[in-house]
Amino acid sequence: MDRNSILIIRTFGKNDIKQFRSFLRSPFFRYSPKVLKLFNFIAKQPHTFEWNSLSDEELHKSIFPETEYNRSTFTSLFSKLHSDICNYLMITNLMNKPLKMSDHLRDEFFKRGLHELAGKLIEKSELQLNNIDSVDAAYFLSRFELAGDKVNWFYLAHPRTNRKKMLQDIENIDQRGMYLAFFFTMEMIRELDNLLSLKNTYEIPEKGLFVTRFTERIGLDGIIDHLIKECEPGKYKSVLEVNARMLEAFSSLHNESLYQNYKRAIKKHLRHLSVDDRRFHFGRLARYCILRRREAGTNLFENELFLIYSEILKKGYYRSSVSKELPAELFRNILILALRMKKFEWTKRFIDEFSGELNPKRRKNLKNYAMARYFFATGKFEDAVREARGIDLDDLIFKLDIRNLVLMSCIELRNHVETAEVLDSYLHFISSERSFSKNQRKSYGDFAEAVRQLLKLQMSEDPNSEAEYKLLKRTRKHLPFRDWVMKKFEEECRRVVD
């Protein structure tokens, strides 16, 4: 039986439970006392209740002890409950979006021939949009939809009887096209940036991507410049200028002044950026610093990156319109940077404070992951392995992190047998996981080979010149954990000499 309704109910707070009970009692949605009883039973159970331990028959007996179990009837009750929950969520979601509500209501007024009411609602919606300071793609989509209704309303309620009305009609249509251009531009910038970010980690199809080919062909930079010139000073121009400065900064990474211009533009126009765009642009500032550091192969921009991360945490710029949680990937990036900079006390406070902001279902595993990395960085290798063994994360990058950590910890502990076993498993993982790019598979394959040579040195009383040569040759390339590899290599050579 599909018990997805239980999963949803477990996300309900006290207010949701109270409101949904009232919702279920509404005759408009075919009120069913049995569905209400089923909901009440589920809602009363603690989060630790083991639903999977009960069969459908046992669950039925717990809720309806007075009636005989019938599989078809019980399945229908769960189905009805799930349908009611979905209706409740859709309605409450819509109620929190007044612009969307107005859009649907205008549509109904038009269908019913209530053109005067539609006109009044158009004026009200325009006033709502004019009073919004922060604008993003969703804002321009609302403007586009409203402009479309305005065109329809003007056509139905104001026949083109003179030149003035005809010019007004043309202006309405032109504005609709303008808002579409704004929406298109904002969304294409976001799509392009997301794909370019993924390109650094995952294999991109050989024929390339539609978005990159399309934006190159149309000249996205030129479109943005044109829209900026068309705008009067204000919120539209502000958000476009921020995006223009972003594209400039990333088009010429070596020009630090362009990065500073981008950063200043964000802070200057912050009030006009939506919660989603604040998150987006501060994330891009961090990405710029990461790219500069990676490109230079040094700690260039490390302090700047730490300051950006600190501001993101302090101001809550990791939150979005759909989630208040701290993204796992951002949690990981901040953790790695702080440990690399040896800010150990700060890192421990960060783990304790912000692990509570993670997704509740992943919180325990991610906190264990963070502590494993913290223990490794502070030289507590047995504790690191212990924490790592209990982690169950599906994300590819976290799985790789854990394997790297365990492999290096085994070398640190000089556990030769376990190192050999972990290394074989590691090599199989790297070679079989096709989601990695070719460069990544090569890079981590080189790292595994370096660890193999380290293991040979650990087990030998004589430095092996061939092993030394191979290891040094590999460490001259871009190698993951290069500093650690070189440090362990030097330690082993000193041990043999001494």
Using label points projected 7 Å from each Cα along Cα→Cβ, tell me how many nm separate HIS115 and MET101, to one decimal. 2.8
If the reach is capped at under 23 angstrom between alpha carbons, list the lysines near LYS37, excluding any in the same chain fewer than eight residues apart. LYS14, LYS18, LYS61, LYS80
Report the one residue of PHE350, ALA450, PHE375 whose Cα lies farthest in the direction of the positive end of the charge dipole of the chain (charges on C-beta: Lys and Arg +1, Asp and Glu -1; origin at the Cα centre). PHE350
Let's see if you can work this out: charge +1 on each Lys and Arg Cβ, -1 on each Asp and Glu Cβ, no other charges. What is the dipole magnitude of the stretch 89-238 about its Cα centre, in debye to the nearest 20? 540
Just want the ordering: THR212, THR185, from fewest to most Cβ atoms lying within 10 Å of their own Cβ. THR212, THR185
Simple Cβ-charge dipole of the chain, Lys/Arg +1 and Asp/Glu -1, about Cα centre, in debye nearest 20: 1080
With charges set only on the Cβ (+1 for Lys and Arg, -1 for Asp and Glu), what does the dipole of the stretch 61-176 come to about its Cα centre, in debye to the nearest 20? 320
With a/c under 1.5 counting as rounded, go ahead and sort the stretch 79-177 into rounded, prolate or oblate using the C-alpha gyration tensor (a ≥ b ≥ c being the square roots of the eigenvalues; past the cut-off, prolate if a/b is larger than b/c, else oblate). prolate
The relative contact order of the chain, taking Cα pairs under 8 Å that sit 6 or more residues apart, comes to a percentage of 7
Contour excess over end-to-end distance, with Cα ends at LEU393 and ARG434 and 0.36 nm allotted per residue: 12.9 nm
Once each part is reduced to its C-alpha centroid, what is the distance from the stretch 96-125 to the stretch 244-314 in angstrom? 41
In terms of the alpha carbon gyration tensor, root eigenvalues a ≥ b ≥ c, rounded if a/c is under 1.5 and otherwise prolate when a/b exceeds b/c or oblate, the stretch 370-424 is oblate
For n ≥ 4 DSSP H runs only, could you compute -39500 (n - 2.57) per run for the chain, divide by its residues and tell me the 222 nm figure to the nearest 500? -24000 deg cm²/dmol
Of [x] 0.96; [y] 1.06; [z] 0.98, which one was derived for Rg/Rh (Cα atoms, Kirkwood Rh) from the structure shown? [y]
Working out 0.36 nm times the residue gap between GLU50 and VAL211, then minus their Cα-Cα distance, what length gain in nm do you get to one decimal? 53.4 nm
Convert each backbone phi in the stretch 90-100 into a coupling constant with the Karplus relation 6.51 cos²θ - 1.76 cosθ + 1.60 (shift: θ = phi - 60°), then list the ³J(HN,Hα) values in order as whole Hz, x for Gly and Pro. 5, 5, 5, 5, 5, 5, 8, 10, x, 5, 5
Less than 20 Å from a label point 7 Å out along the Cα-to-Cβ axis of LYS268: which backbone N atoms in the stretch 217-232 qualify, by residue? 221-232
Order of 17-23, 62-68 by packing, highest average Cβ count within 10 Å first? 17-23, 62-68
Suppose R0 equals 51 Å; then what is the FRET efficiency for SER79 and SER425 from their Cβ-Cβ distance, rounded to the nearest 0.05? 0.70
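Bear in mind that the values in this text are calculations on the coordinates, not laboratory data. Predicted model, so just to flag it, every value in this text is computed and none were measured. Counting neighbours? That spans all protein chains shown, and the Cβs are built from the backbone with ideal geometry, glycine included.
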